[in-house]
2 protein chains.
Amino acid sequence: MLSHASRSTVDEVVEPITDIGAYMDQLGQQARMAATVMRSLDSGTKNTALQAMAANLASARTELLEANRIDLERGRENGLDAALLDRLALDEARIDAMIEGLHQVAALPDPVGEIDGLRSRPSGIQVGQMRVPLGVVGIIYESRPNVTVEAASLCLKAGNACILRGGSEARESNAAIAACIRAGLREAMVPEAAVQIVATTDRAAVGHLIAMTSYVDVIIPRGGKSLIERISKEARVPVIKHLDGVCHVYVDTDADLDKALAIAVNAKTHRYGTCNTMETLLLDAAVAEALLPRLVAAYAEYGVELRGCERAREILPELVAANDSDWYAEYLAPVLSIRVVDGMEEAMAHIDRYGSHHTDAIVTENYGRARRFMAEVDSSSVMVNASTRFADGNEYGLGAEIGISTDKLHARGPVGLEGLTTRKYIVLGDGHIRV
Amino acid sequence: MLSHASRSTVDEVVEPITDIGAYMDQLGQQARMAATVMRSLDSGTKNTALQAMAANLASARTELLEANRIDLERGRENGLDAALLDRLALDEARIDAMIEGLHQVAALPDPVGEIDGLRSRPSGIQVGQMRVPLGVVGIIYESRPNVTVEAASLCLKAGNACILRGGSEARESNAAIAACIRAGLREAMVPEAAVQIVATTDRAAVGHLIAMTSYVDVIIPRGGKSLIERISKEARVPVIKHLDGVCHVYVDTDADLDKALAIAVNAKTHRYGTCNTMETLLLDAAVAEALLPRLVAAYAEYGVELRGCERAREILPELVAANDSDWYAEYLAPVLSIRVVDGMEEAMAHIDRYGSHHTDAIVTENYGRARRFMAEVDSSSVMVNASTRFADGNEYGLGAEIGISTDKLHARGPVGLEGLTTRKYIVLGDGHIRV
């Protein structure tokens, strides 16, 4: 029944896949069957599979690098830009990181089977909630081949079967990684259909995957805004999505200016291309005059371009003028917009209007405002006196993350193993009936 | 800015609503603005509003009954069947129940602001999760006017703004209830747009409501299967849905037959029209011969029609033959299908194939099989030695429920206040930056 899993590597596909719908349906059926087995696998078996995958990656370094070389070569021929080629590239260090990631996931506590809040009810029954796998998870991603390992390992540890659809530009690399994963599953006697990689680069496959409600429980897209918007729009299966991160730091009138400076610089310059990077800095009018010149000097060292509102430009006329589209922008680049506001209310209104509800921080020594900001700002992470760059599964102690959800339902913020599970009610009785 | 809320009662609508899209947009905008206020309301204010609503309902009994009389009369003219008319009808007892429900929701602990698992990370930050309102909840329901009170009260207590779309057959009753709710909000100084009732019976309003992703965070449909399927299919806003309840009781080879009999009778006959009623009884072959005659006698007292598989009919030839569609059927009536199976594996395979993942129970004294059934059956409630009829928000101690979710994401099983909230991450630092 799992024979079709052999299609998961490109090199094993003998005949071309002509009927995409039938092919995807078959992957779906196989995943559903595997999920039935997966939900009762013990932790030991899952960890054995993860460790076997790690060992297989370690002994397939040559094959992985060779497969990746083919992808890179084709990518260069097709004119991929340098950033894409960098994301696509594997080297010894990145292979080491994949191996290390597998060991880390193996070391995480297994969330499956955990029972919360079991309590007795007046009727005599006991009621609690048991954490269980979601079932079948579909993950759609772009060029980075290491996502194949991350996604497969987290889904496996959470007891799910997964169907992975990587970027066509990484197809040889993904096929080589898939071979290591599949061998690891086989060695641990886990059904091979627990991790299936879509073996066609036909875009129609994605359309089928996100519509197979009887086989797929959730879709997690990882990639650019246009990919995620297309999937959210067309999916019939529920989607855990990660849209953009337009993150703010608000420096309150009672801020410690040294902390404010350190946080503002770190939140912008620690990495430019990440979703938890600050894109707009909001300065309370009471601190703007003192802080702006220090900020300008600090950002100059990093070559960050500053764009200011009118009031910021009154203080420092040399700032480029920000326009309305700057407040909505996720620059993902050494550019920062700065706005001077009158108090926290105005800061929170700005965040509500222009932000993406990802991660927002206040810098303040004022207890009441810290408390209000935390309660009222409607973002997946809200911070006091800390850099937005902390919004990350590893920093939060989740061990690993499959993405950062900007949705409100189910999982919000960094999504780790828990977000890949659900909870069902369990009821224990001894012949109890309802009266 | 909230002036349009006066449209929420039919009798106050002066001009007819011609542009449904613009009207729904306005409700959406008002709800979004109200939600911003709602998320920081303290519990006391919310409880004051709930109690004021209860007092208003109590002093508006005459108006409520009169409005309901008009709905019932029109319903009879339009040929509504007896069951629908019964659901539509208000009387003193049902008004009392609505009032009592409001007091109960006021007495529930406020979930908003609860912080879980705050812990220190190696970086020095503290990370936890804070429970916060979802934002704007859209609820679409059918004839029962008391749902207006239940939905409004639970949404309010969870700190959400809500847009309610009741059945057109209950429009006068809903308008009279809405007046009591709105007055209660006003008395407690809560924005009136916290609870808005769609004042048009035009079906296009539903189409707009379920597509307003910028204003509505979640849609909860309550009603028949066709309503819910239509909404799930067309919605662009996430849906918490409650599909059918094809619930099973499996009587294991090690069952105590007295408990099995009591549970089987209770799960079927306690109420016929509810989603947690058992629709199929699975009997292990080892107990079928001893138990079937006792079951037949017991069900005969309640006039329950039994439909059996071939093996059941070998034991009792007088049983009606069940066909494949019986195993999929949610009878919602005094009808029960019975199947004899060889062991728990076959029972679980039947539940997986034909069930709706709502509520399933095993009757057994065997520890290992109880444990396995609980872990492996993939339903929103899984029970050991208890009647499926316990799957209910009140029985589980949630206080009240807005429905029973058959979804896996976000909320599964009975949905109470917690299901109407989400959790965001909070990070406490003291100038911490990421290194």
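The relative contact order of segment B:247-395 comes to 33 percent, based on Cα pairs under 8 Å that sit 6 or more residues apart. Each residue of segment B:284-296 is assigned a 3J(HN,Hα), and the resulting list reads 5, 4, 5, 10, 4, 5, 6, 8, 4, x, 5, 5, 4 Hz, derived from the Karplus form 6.51 cos²θ - 1.76 cosθ + 1.60 (θ = phi - 60°), x at Gly and Pro. Plainly put, the tip 7 Å out from Cα toward Cβ on residue A:81 is 6.1 nm from that tip on each other copy, the closest given first.
Averaged over the residues of peptide A:372-383, the number of Cβ atoms from other protein chains lying within 10 Å of each residue's Cβ is 5. With coordinates expressed along the principal axes, the C-alpha atoms belonging to the protein assembly as shown extend over 90, 71, 46 Å, beginning with the largest. The mean number of Cβ atoms from other chains found within 10 Å of a Cβ in peptide A:251-261 is 1, as a whole number.
Per q in 0.09, 0.12, 0.18 Å⁻¹, report the Debye log10 I(q)/I(0) for segment A:247-395, using one uniform scatterer on each alpha carbon and no solvent. The computed values of log10 I(q)/I(0) come out as -0.22, -0.40, -0.98.
Of all trypsin sites (Lys or Arg not before Pro) in segment A:172-204, which ones are in loop regions per DSSP and have a Cβ with at most 15 other Cβ atoms within 10 Å?
On the way: sites: A:182, A:186, A:203; in loops: A:203.
Sites meeting the loop and neighbour criteria: A:203.
Given a cut-off of under 8 Å on Cα pairs at least six residues apart, what relative contact order in percent is computed for chain B? The normalised contact order for chain B reaches 18 percent. Remark on segment B:191-310: hydrodynamic radius 17.9 angstrom, per the Kirkwood mean of 1/r across alpha carbon pairs. Summarising the rotation from chain A to chain B, the nearest chain A beta-carbon to the axis and its distance in Å are given as A:410, 2. Peptides B:91-97, B:378-384 ranked from most to least packed by the mean count of surrounding Cβ atoms within 10 Å: B:378-384, B:91-97.
Cross-link partners of residue A:268 among aspartates and glutamates, defined as those whose alpha carbon lies under 14 angstrom from its own and excluding same-chain residues fewer than eight positions apart: A:279, A:301, A:305, A:330, A:360. The residue A:22 and residue B:82 beta-carbon pair, evaluated with R₀ = 51 Å, returns a calculated FRET efficiency of approximately 0.60. Under a 5 Å amide H cut-off, with hydrogens placed 1.01 Å from N, residue B:138 pairs with B:163, B:217, B:218, B:219, B:220 among residues at least 5 apart or on other chains.
With the simple model of a label 7 Å out from the Cα in the direction of the Cβ, residue B:213 to residue B:300 spans 6.0 nm. Using θ = phi - 60° in the Karplus curve 6.51 cos²θ - 1.76 cosθ + 1.60, the 3J(HN,Hα) couplings for segment B:397-407 round to x, 7, x, 7, 9, 9, x, 10, 7, 9, 7 Hz; x is entered for Gly and Pro. Descending by average beta-carbon neighbour count within 10 Å, the peptides B:274-284, B:423-433 line up as B:274-284, B:423-433, the highest first. Along segment A:143-156 the Karplus relation, 6.51 cos²θ - 1.76 cosθ + 1.60 evaluated at θ = phi - 60°, assigns HN-Hα couplings of 6, 5, x, 5, 4, 4, 6, 4, 5, 4, 5, 5, 4, 4 Hz to successive residues, with x for each Gly and Pro.
One quarter of the convex hull surface built on the alpha carbon atoms of chain B amounts to 25.2 nm², the projected area averaged over directions. A cut-off of 5 Å between modelled amide H atoms, ignoring neighbours fewer than 5 places along the same chain, links residue B:338 with B:281, B:307, B:308, B:309. Every helix of 4 or more DSSP H residues in the protein assembly as shown counts as -39500 (n - 2.57), and over all residues that averages to -13500 deg cm²/dmol at 222 nm.
Between residue B:361 and B:248, B:249, B:250, B:383, the built amide H atoms are under 5 Å apart, and every one of these is 5 or more places off in sequence or on another chain.
Cross-link check: pairs A:259/B:424; A:46/A:424; A:424/B:408 evaluated at a Cα-Cα cut-off of 18 Å; pairs beyond the cut-off: A:259/B:424; A:46/A:424. For residue B:233, inter-copy separations between label points set 7 Å beyond Cα along the Cβ vector come to 2.2 nm, shortest first. Cysteines in chain B lacking any other cysteine Cβ under 4.7 Å from their own Cβ: B:180, B:247, B:275, B:309.
Shown here for segment A:302-393: chymotrypsin sites (Phe, Trp or Tyr not before Pro) in loop regions (DSSP other than H, G, I, E, B) with at most 11 other Cβ atoms within 10 Å, of which there are none. Sorting B:107-120, B:401-414, A:32-45 by average packing, meaning the other beta carbons within 10 Å per residue, from highest down gives B:401-414, A:32-45, B:107-120.
Between residue B:289 and residue B:311, the simple spin-label model (points 7 angstrom out along Cα→Cβ) gives 1.3 nm. Based on alpha-carbon centroids, what's the gap between segment A:203-218 and segment A:405-431 in Å, whole number please? After rounding, the separation between the Cα centres reads 22 Å. Between residue A:257 and residue B:186, the distance separating the two model label sites (each 7 Å from Cα on the Cα→Cβ line) works out to 5.1 nm.
Between residue A:352 and residue A:115, the C-beta separation translates, for a Förster distance of 25 Å, into a calculated FRET efficiency of about 0.05. Here is how far apart the residue B:214 label points are across copies: 3.9 nm, shortest first, using a point 7 Å from Cα toward Cβ.
Every number here is computed from the coordinates shown, using simple stated rules; none is lab data. If you're wondering where the values come from, they're calculated on a predicted model, not measured in any experiment. Glycine also receives a Cβ, built like all others from the backbone with ideal geometry; neighbour counts cover every protein chain displayed.
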